[in-house]
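S.K.: First the structure, then my questions, so here it is.
The values are calculated or read from the model by the stated rules, or taken from the named source; none is laboratory data. Quick caveat: nothing in here was measured; it's all calculated off a predicted structure. Quick reminder, even Gly has a Cβ in these numbers, built from the backbone with ideal geometry, and neighbours come from all protein chains shown. We work out accessible area using only protein heavy atoms, side chains counted, and drop any ligands, DNA or RNA first. Shrake-Rupley method; radii C 1.70, N 1.55, O 1.52, S 1.80 Å.
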Amino acid sequence: MSNQATAITNGRIGFLGAGSIVEAMLSGILKKGLIQAERMTVTNRNNLERLEELAAAYGVSTSTDKFAVARTSDILILAIKPKDAGEALMELRGKVSPHQLIISVVAGVSTSLIGEWLGVDCPIIRTMPNTSSAVGLSATGMSANAFVQPEQLTLATRLFEAIGTVYEVAEEELDIITGLSGSGPAYIYYLVEAMMGAGATAGLDREMARQLTLQTVIGAATMLLETKADPALLRKQVTSPGGTTQAGLAVLESYQFQDAVTAAILRATERSREMGAEYR
């Protein structure tokens, strides 16, 4: 699956964590030939079966020794649960050098706190991908601390472009991105659940309701992408006075639909900030 001709680094990458984001990254990186499989090592706390699955599927190395992985990796990707991050990273004090690049996908944890836990001034890049990374369509926010060199930021960008689109932002904006696009797929899934359920309630076969709903979502998103039109304009173009769409939108407005979506995103953003504060 690897392709030496297009490899972006001859260094080693270590993954602390073996969840879905890590698997998406392995798949994307190898499909694009960015790094050879044997140059990537995955470790987790105690799930040996999961490590064996990733080794079999992608040909990567695995290890149960996170200290060895941290010590020997040129790029160390932190993909551990936020609640476990402090303990796990403080255990790595003395195992990480100032020359290693640290990339975090841990929600709510700042680059300064990661550096504090590791006890070293080193280049740290904080990212917020989303679950659409599994199909190569993540929207990933990325921010770097002052120790990151331009070539390191470029390398990290290439890695995350393997699973979608990357947006470089100021670190204080990553909490907003967490609330908007990090949690965003769940809002869309919730809407799809409701639309499918309504179709079935009205008498459609549930599978037909699913297919119609998904094609409608795909079509609307494609219209927005390809026309670059304001969504309000497209909505008005669909809404004929006294028609069916206007009747449906009136119901959404009566339930304060836009206010509810705004409140959800702002609350998720706030929760990201709260999480960062809790780990201090």
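S.K.: Is it the case that segment 173-184 has a residue that's without any contact (Cβ under 8 Å) to a residue 12 or more places away in the chain and open to solvent by 80 Å² or more (accessible area, probe 1.4 Å)?
M.R.: Scanning segment 173-184, I find no residue that is without any contact (Cβ under 8 Å) to a residue 12 or more places away in the chain and open to solvent by 80 Å² or more (accessible area, probe 1.4 Å), so the answer is no.
S.K.: Look at Ile75 and say whether it is closer than 23 Å to Pro123 by Cα and in contact with a Gly (Cβ under 8 Å, 6 or more places away or on another chain).
M.R.: Details: closer than 23 Å to Pro123 by Cα: yes; in contact with a Gly (Cβ under 8 Å, 6 or more places away or on another chain): yes.
Considered against the rule, which asks whether it is closer than 23 Å to Pro123 by Cα and in contact with a Gly (Cβ under 8 Å, 6 or more places away or on another chain), Ile75 comes out as yes.
S.K.: A follow-up question, please. Confirm whether Gly94 is open to solvent by 10 Å² or more (accessible area, probe 1.4 Å) and assigned to a helix (DSSP H, G or I).
M.R.: Considered against the rule, which asks whether it is open to solvent by 10 Å² or more (accessible area, probe 1.4 Å) and assigned to a helix (DSSP H, G or I), Gly94 comes out as no.
S.K.: Between Thr62, Thr127, Thr140, which is in a strand (DSSP E or B), of a type in the set (S, T, N, Q) and within 13 Å of Phe15 (Cα to Cα)?
M.R.: Details: Thr127 fails: within 13 Å of Phe15 (Cα to Cα); Thr140 fails: within 13 Å of Phe15 (Cα to Cα).
Checking each option against the conditions leaves just Thr62.
S.K.: Here's something else I'd like to know. Any idea which of (1) at pLDDT 95 or above; (2) out of contact with any helix residue (DSSP H, G or I) (no Cβ under 7 Å at 6 or more places or on another chain); (3) open to solvent by less than 60 Å² (accessible area, probe 1.4 Å); (4) within 30 Å of Asp175 (Cβ to Cβ) is the one Ser104 doesn't satisfy?
M.R.: Every condition holds for Ser104 apart from (2).
S.K.: Related question: Under the condition of being among the hydroxyl-bearing types (Ser, Thr, Tyr) and without any contact (Cβ under 8 Å) to a residue 40 or more places away in the chain, which residue from segment 96-126 is farthest from Thr157 (Cα to Cα)?
M.R.: Here the residue is Ser97.
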